[in-house]
Amino acid sequence: MRQFHLYKKWKDIAFMAVATPIAALSFSSCSDFLEIEPRDVIVLEQFWNEKSDVDGIVAGCYTALQSDPCIRRMIIWGEARSENISPGTNCNLDGNLLNVLNENITAKNAYTTWVDFYSVINRCNTVIKFAPGVAEGDPGYTQSELQATIAEMTALRSLCYFYLIRTFRDVPFTREAYTDDDQQLMLPATSFDNVLDSLIYDLESVKNMAIERYPTTTPRYQTGRITKDAIHAMLCEMYLWKNDYANCIKYADLVIESKKKIAEELRNGTLGSSRGRSSSMNSSEALLRTNGFPLVNNMTTSNYFGNAFDVLFSGDDDYTEDAQQEIIFQLIFSDRPDAESMPNNSAVSLFYGNSTLNNTSGYMAPSDFVIEDIGKESGRNVFEDKNKKVDARLYINCDPSAKSICKFVSEQMTINAQSKDPEASGYSLKWGEKTNGSNWIIYRLADIMLLKAEALAQQLREGSDLETINFNRPIIDTAFSLINAVNKRSVCQTTLVDTLVAGDYVTKSQLENLVMKERQRELMFEGKRWYDLVRQARREGATTSLSQAALHKVTTGSSLIANKLTKMDAIYWPYNYEELKVNTLLVQNPAFSSGVSDSYE
């Protein structure tokens, strides 16, 4: 019997790496670990003998995570139910997606399946199980290398489980590797809190074994593979979901300090080459603009902006070293999939758009709630009125004429800020349908800075007495400096004037609202928004804020959606209908039907 729709024969599970593109590789070879090197299927007895065997399966774990089904779910689970997204061109061709966008999710929706994430989890468990035996027999596989492998696989496994619990809440959890049909598995769902505690425990156990930096000869590894910074970033966010704000701040600070060191090496020219780096990238003015935090500078030359877009979202190899300044972990794709034997980002191409569509969107489009801010002089929904039209994110997020998404879709973006109303160019420079080379970012520095600001906001006390004011003031100052740094990076003005005023944010609710808005502005379309709203709802113990946000994107049927989202259970997803049939220990999310019916209870 198949359990979780995942557990097949051993050679299909443990050795999927050899059958999947970019999995079979040698980390020790001169070729990049993301390149394809197909092999024949190998039987167990011939396999786990030397380090290169382990390396091949490790690569297969990354391969599986960057597969089209996984990236699609990262996008849909993290964005599609939020107010950022509306149906785009030909969305009706994907009825499952259309139902998600209309908040008409049932247990039979294809995007409720989790098999691809459990496949990555089982691969990671398999490596953790067999790699120690390889180290015993291969003197070239050192103990420190083994520990680094275990840390890397533990982190990838934890990341997959983190996606699952944020989406479904309670999920089956196991650290056991399932390798053949004789192993029977039927697990009930483990609670969100217990899974989260387990993930934190696992990451705390391996964090010091992880690679801190990969050799400069493998620049893609720095952001394309798990590092100690990536584990710290995961712990930062997980502790925030646990409402452990002190530990969230602790790990955010570790990431920030590490990135400051990398930025200093970039300025001194001691970190790799300087291909593609703008002349102003390492200037003291750039650091002043971001309050001393090492965010990638946005200015290219005087009056021209867009450098941050090119470095972070273009996927251009000329910026591989520069990206280390801000990007912590991302999944790597290629704009020359055939020549480089690497996949293109097909999920982004389909959902967000490509050059073949010309001036139309992908299956997803920015909601009117988001895109109408571009034409407004005041009363904006997401962006600050004080920013006028000088916030670069007004342009890099959306194409106003086509009402389409630009981030991850345009190959480059340049904003001319010489006039009162900045003009953007790059909307027509879209990736091709099968050549989208934009990398999918999991964590970057701006994200971590804003997570820290959110944790700081939660430490504030309510009240207006002098003691409370004195307690809150340094916390507010620290949080505001983080938020303002992210905001100022995007201000298209040669002579910078702060567009956020600290005096406007003096209470806990004001600072909470500010950090949520800034996260929406900065991380739009990066698979973060719905999870932010779910985290807020969990913290508040009510769906009020989430429901109000979700309703911003609808013009009809708002009462129906509002009724659905009044239940805390409904902010998560139902278990797939087929999963319920093969695993009878799973109990359907009570906000949904048992799985037999297509509608909510």
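Considering (1) part of a helix (DSSP H, G or I); (2) crowded, with 21+ Cβ neighbours inside 10 Å, the lone condition that LEU98 does not fulfil carries the number (2).
The residues of segment 152-209 that are over 21 Å from LEU585 (Cβ atoms), among the aromatic types (Phe, Trp, Tyr) and open to solvent by 10 Å² or more (accessible area, probe 1.4 Å), listed by number, are TYR163, TYR201. Residue-level check: of (1) in a helix (DSSP H, G or I); (2) open to solvent by 30 Å² or more (accessible area, probe 1.4 Å); (3) of a type in the set (Asp, Glu), GLU212 misses just (1). Among the conditions (1) β-branched (Val, Ile, Thr); (2) surrounded by 17 or more Cβ atoms within 10 Å (Cβ to Cβ); (3) out of contact with any Leu (no Cβ under 7 Å at 6 or more places or on another chain), THR543 misses just one, which is (3).
Results for (1) β-branched (Val, Ile, Thr); (2) open to solvent by less than 10 Å² (accessible area, probe 1.4 Å), shown as yes or no for each residue.
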| position | (1), (2) |
| --- | --- |
| GLU83 | no, yes |
| SER86 | no, no |
| THR89 | yes, no |
| ASP94 | no, no |
| ILE105 | yes, yes |
| VAL120 | yes, yes |
| ASN125 | no, yes |
| GLY133 | no, no |
| GLN147 | no, no |
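Might you check whether a residue that is open to solvent by 50 Å² or more (accessible area, probe 1.4 Å), assigned to a helix (DSSP H, G or I), within 19 Å of VAL534 (Cα to Cα) and among the acidic types (Asp, Glu) occurs anywhere in segment 230-240? Checked segment 230-240: no residue is open to solvent by 50 Å² or more (accessible area, probe 1.4 Å), assigned to a helix (DSSP H, G or I), within 19 Å of VAL534 (Cα to Cα) and among the acidic types (Asp, Glu). Sub-7 Å Cβ pairs linking a first residue in segment 415-442 that is hydroxyl-bearing (Ser, Thr, Tyr) to a second residue that is part of a strand (DSSP E or B) and open to solvent by less than 70 Å² (accessible area, probe 1.4 Å), at least 6 apart or interchain, are SER425/THR414; TYR427/ASP399; TYR427/SER410, ordered by first then second residue.
Of the residues making up segment 335-369, just one is under 12 Å from ILE85 (Cα atoms), touching a helix residue (DSSP H, G or I) at 6+ places or on another chain (Cβ under 6 Å) and open to solvent by 10 Å² or more (accessible area, probe 1.4 Å), namely TYR363. Of the helices (runs of 4 or more DSSP H) contained entirely in segment 280-365, those carrying at least 2 residues that are modelled with pLDDT of 85 or more and within 17 Å of LEU523 (Cα to Cα) fall at 307-313, 346-352. Where residues in segment 459-479 are assigned to a loop (DSSP other than H, G, I, E, B) and in contact (Cβ under 8 Å) with a residue 12 or more places away in the chain, which of them is farthest from GLY292 (Cα to Cα)? My answer is GLU462. Every listed requirement among (1) farther than 16 Å from SER82 by Cβ; (2) without any contact (Cβ under 8 Å) to a residue 60 or more places away in the chain is met by THR544 save one, (1).
State yes or no: is ASN381 farther than 18 Å from ALA308 by Cβ, touching a residue at least 24 places away in the same chain (Cβ under 8 Å) and touching a helix residue (DSSP H, G or I) at 6+ places or on another chain (Cβ under 8 Å)?
Yes.
Within segment 480-508, which residues are farther than 13 Å from LEU450 by Cβ, open to solvent by less than 50 Å² (accessible area, probe 1.4 Å) and part of a helix (DSSP H, G or I)? Answer for segment 480-508, where residues must be farther than 13 Å from LEU450 by Cβ, open to solvent by less than 50 Å² (accessible area, probe 1.4 Å) and part of a helix (DSSP H, G or I): LYS488, ALA502, LYS508. Given the conditions (1) part of a helix (DSSP H, G or I); (2) more than 23 Å from the chain's Cα centre (by Cα), which single one is not true for GLU377? GLU377 satisfies all of (1) part of a helix (DSSP H, G or I); (2) more than 23 Å from the chain's Cα centre (by Cα) except (1). Has segment 30-44 got at least one residue that is modelled with pLDDT of 95 or more and open to solvent by 30 Å² or more (accessible area, probe 1.4 Å)? Checking segment 30-44: not a single residue is modelled with pLDDT of 95 or more and open to solvent by 30 Å² or more (accessible area, probe 1.4 Å).
Are any of the residues in segment 47-61 within 30 Å of LYS403 (Cα to Cα) and small (Gly, Ala, Ser)? So far as segment 47-61 goes, no, none of its residues is within 30 Å of LYS403 (Cα to Cα) and small (Gly, Ala, Ser). One residue stands out in segment 380-397 among those that are open to solvent by less than 10 Å² (accessible area, probe 1.4 Å) and within 19 Å of SER425 (Cα to Cα): the one that is farthest from the chain's Cα centre (by Cα), namely ASP391.
Against the list (1) surrounded by fewer than 23 Cβ atoms within 10 Å (Cβ to Cβ); (2) closer than 20 Å to THR154 by Cα; (3) not basic (Lys, Arg), the condition ASP244 fails is (2). Among residues of segment 448-472 being within 25 Å of THR223 (Cα to Cα) and out of contact with any Cys (no Cβ under 9 Å at 6 or more places or on another chain), the one that is surrounded by the fewest Cβ atoms within 10 Å (Cβ to Cβ) is LEU450. Modelled with pLDDT under 95, within 21 Å of LYS389 (Cα to Cα) and aliphatic (A, V, I, L, M), is that true of LEU500? So LEU500 fits the description; yes.
I need the full set of residues from segment 116-170 which are part of a helix (DSSP H, G or I), more than 27 Å from LEU196 (Cβ to Cβ) and aromatic (Phe, Trp, Tyr), in order please. Listed by number, the list holds a single entry, PHE130. Annotation: of all residues in segment 398-407 being among the charged types (D, E, K, R) and more than 11 Å from ALA424 (Cα to Cα), the one that is modelled with the lowest pLDDT is LYS403. Just the residues that are buried (at least 24 other Cβ atoms within 10 Å of the Cβ) and not hydrophobic (A, V, I, L, M, F, W, C), please, taken from segment 398-421. Selection gives ASP399, SER404, SER410.
For ILE150, the conditions (1) over 30 Å from ILE561 (Cα atoms); (2) within 22 Å of the chain's Cα centre (by Cα) all hold with the exception of (2).
Whether a residue is among the acidic types (Asp, Glu) and open to solvent by 40 Å² or more (accessible area, probe 1.4 Å) was assessed, and ASP318 passes this test.
Would you call GLU372 part of a helix (DSSP H, G or I) and open to solvent by 10 Å² or more (accessible area, probe 1.4 Å)? Break it down stepwise before answering.
Numbers: part of a helix (DSSP H, G or I): yes; open to solvent by 10 Å² or more (accessible area, probe 1.4 Å): yes.
Spelling it out, GLU372 is indeed part of a helix (DSSP H, G or I) and open to solvent by 10 Å² or more (accessible area, probe 1.4 Å).
Quick grid of which residues meet (1) in contact with a Phe, Trp or Tyr (Cβ under 6 Å, 6 or more places away or on another chain); (2) closer than 23 Å to LYS553 by Cα; (3) of a type outside the set (S, T, N, Q):
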position	(1), (2), (3)
PHE369	no, yes, yes
GLY375	no, yes, yes
LYS389	no, yes, yes
ILE396	yes, yes, yes
LYS403	no, yes, yes
SER410	no, no, no
GLU423	no, no, yes
SER428	no, no, no
TRP431	no, no, yes
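The values are calculated or read from the model by the stated rules, or taken from the named source; none is laboratory data. Here the structure is a predicted model, which is why all the values come from computation and not from measurement. Here Cβ is always computed from backbone atoms with ideal geometry, including for glycine, and neighbour counts include all displayed protein chains. When the accessible area is computed, the model is the full protein with side chains, heavy atoms only, and any ligands, DNA or RNA have been set aside. Shrake-Rupley method; radii C 1.70, N 1.55, O 1.52, S 1.80 Å.
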